[in-house]
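Encoded as structure tokens, the structure appears first; notes follow it.
The values are calculated or read from the model by the stated rules, or taken from the named source; none is laboratory data. Bear in mind that the values here come from a model prediction, so they are computed numbers and not experimental data. All Cβ positions, glycine included, derive from the backbone under ideal geometry; neighbour counts span all protein chains shown.
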Amino acid sequence: MADRPLVAHIIYALSTGGLENGLVNIINRSPADRFRHVIICLTQADTFAQRITVEDVQIIELHMREGHDFQAYRRLRRLLKSLRPDIIHSRNMAALESQLCSLGFANVKRVHGEHGREVNDLEGRNWKYLIFRKFMRLFIHRYIAVSKDLANWLAQVVGVRAQKVRQIYNGVDHNRFATQNVKPLALLPARWLSLGGILVVGTVGRLAPVKDQQLLLRAIAHLREVRPELGDQVRLVMVGDGPLHVELSQKIEELGLQEIVWLAGDRDDVPSLLQTMDVFVLPSLGEGISNTVLEAMASGLPVIATAVGGNVELVEEGFNGSLIPVGDVLALSSALVKLLQNKDERAAQGINARTRVCQNFDWDRTVNAYLGVYDELLGNSPANDLERTG
């Protein structure tokens, strides 16, 4: 099967994250006889790379330095010349300029995926980035957007022709996140287990500014102040790690929440931890399409999320959760109160969430859509004609 087309995936780093999780699932779930894959990390890969289960996938680290590391780009060009990929698939802004290293190579098709905007450009309006993206339209044959929001932005703001854009949602493993009849409460801190009737609010995500976990902490503190009888029952589980771990720990102490908040860190048992929760919250400043929201929905949880990016395509107000404005402590506190005090409403919204995911989001559909883009580009059909004017 050595004659299978080779797809070179170029990413900034291979570590815990939604983009990386999607890449791993696409490679692991692709039929072995369709394509070969190589992952090129501009910086490095960590233990997350062990989630690749396909034996013949090479992972290459370039250890690129901060800024414009021209030596690294020279190494990348030599590497691509040696690998001779049929398709180069870059993801997000950090990897977009790497596509320039393939200019002049014959018969290479270029795909670029947009999985979410940059932390310092959540609206996607930074003029320097826009000029570069508009320039790159000349060389990218297909764009893949993980949400309708990003697809519309590519067309309306970046100016990519609609024929070049494919919108493909991420999938979720329905079985892995299937609801259980009994909550695995033993996973929670021992100090909570002797308490009866606790209500667990949870979130999963990297502890980074864009995820805005501080808003959730402040909302829990406000809830305990205005509804002390309900607040006495509430416990908060925050799964994930990242650069804001120390800052969030300090915020927990500042708000006097040490006894009711558990910073669980990075975990391999996220499906089980989701089953301990009664409500899932995603207070992000920006999102592409959130894997953690999909996983929470597959776990039968109602979701409270900020009304940004792809969140509005996943969460429907009053059906499977609530949407709140970015940074609004009172709105988040109010949404929590509404769900936490109504067990029947939580159950109904959780069922709706699970049903929506099972009907519309699965990895088989996602993988087939990605492979379809690759097949289309290599098939020389009229739809594949290059639109050089972007």
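For this structure, a couple of remarks:
- Residues in the stretch 270-294 that are among the aliphatic types (A, V, I, L, M) and either more than 21 Å from Asn352 (Cβ to Cβ) or not assigned by TED's automatic domain parsing to the domain that holds Ala208 (or both): Val270, Leu273, Leu285.
- Selection count, the stretch 309-340, where residues are among the β-branched types (Val, Ile, Thr), under 20 Å from Val210 (Cα atoms) and surrounded by fewer than 19 Cβ atoms within 10 Å (Cβ to Cβ): 2
- Tabulated pairs, the stretch 156-169, first free of Cβ contacts under 8 Å to residues at least 24 places away in the same chain, second among the β-branched types (Val, Ile, Thr), C-beta under 9 angstrom, 6+ apart or interchain: Val165/Ile144; Gln167/Ile144; Gln167/Val146
- Residue within the stretch 247-256 that is within 27 Å of Glu123 (Cα to Cα) and buried (at least 17 other Cβ atoms within 10 Å of the Cβ) present: yes
This table checks each residue for (1) out of contact with any strand residue (DSSP E or B) (no Cβ under 7 Å at 6 or more places or on another chain); (2) more than 24 Å from Leu185 (Cα to Cα).
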| position | (1), (2) |
| --- | --- |
| Leu223 | no, no |
| Gly240 | no, no |
| Ser249 | no, no |
| Ile260 | no, no |
| Gly265 | yes, no |
| Asp268 | yes, no |
| Ser284 | no, yes |
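- Taking every residue in the stretch 206-220 that is closer than 24 Å to Leu19 by Cα and in the same structural domain as Ser249 (by TED's automatic domain parsing) and pairing it with any residue that is of a type in the set (S, T, N, Q) and crowded, with 21+ Cβ neighbours inside 10 Å, at least 6 positions away or on another chain, the pairs with Cβ-Cβ distances below 7 Å are Leu207/Gln213; Val210/Ser284; Lys211/Ser284; Asp212/Ser284; Gln213/Thr203; Leu216/Thr203.
- When the residues of the stretch 77-97 are filtered to those that are touching a Leu at 6+ places or on another chain (Cβ under 6 Å) and crowded, with 20+ Cβ neighbours inside 10 Å, the one that is nearest to His141 (Cα to Cα) is Ser90.
- In the stretch 268-299, the qualifying residues are those that are charged (D, E, K, R), surrounded by 15 or more Cβ atoms within 10 Å (Cβ to Cβ) and not in a helix (DSSP H, G or I), and the one that is farthest from the chain's Cα centre (by Cα) is Asp278.
To keep it simple, each residue is scored yes or no on (1) surrounded by fewer than 18 Cβ atoms within 10 Å (Cβ to Cβ); (2) in contact with a helix residue (DSSP H, G or I) (Cβ under 7 Å, 6 or more places away or on another chain); (3) modelled with pLDDT of 95 or more; (4) among the hydroxyl-bearing types (Ser, Thr, Tyr).
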| site | (1), (2), (3), (4) |
| --- | --- |
| Val200 | no, no, yes, no |
| Pro209 | yes, no, no, no |
| Ile220 | no, no, yes, no |
| Met238 | no, yes, yes, no |
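- Of all residues making up the stretch 72-100, the number that are under 24 Å from Gly379 (Cα atoms) and without any contact (Cβ under 8 Å) to a residue 40 or more places away in the chain: 3
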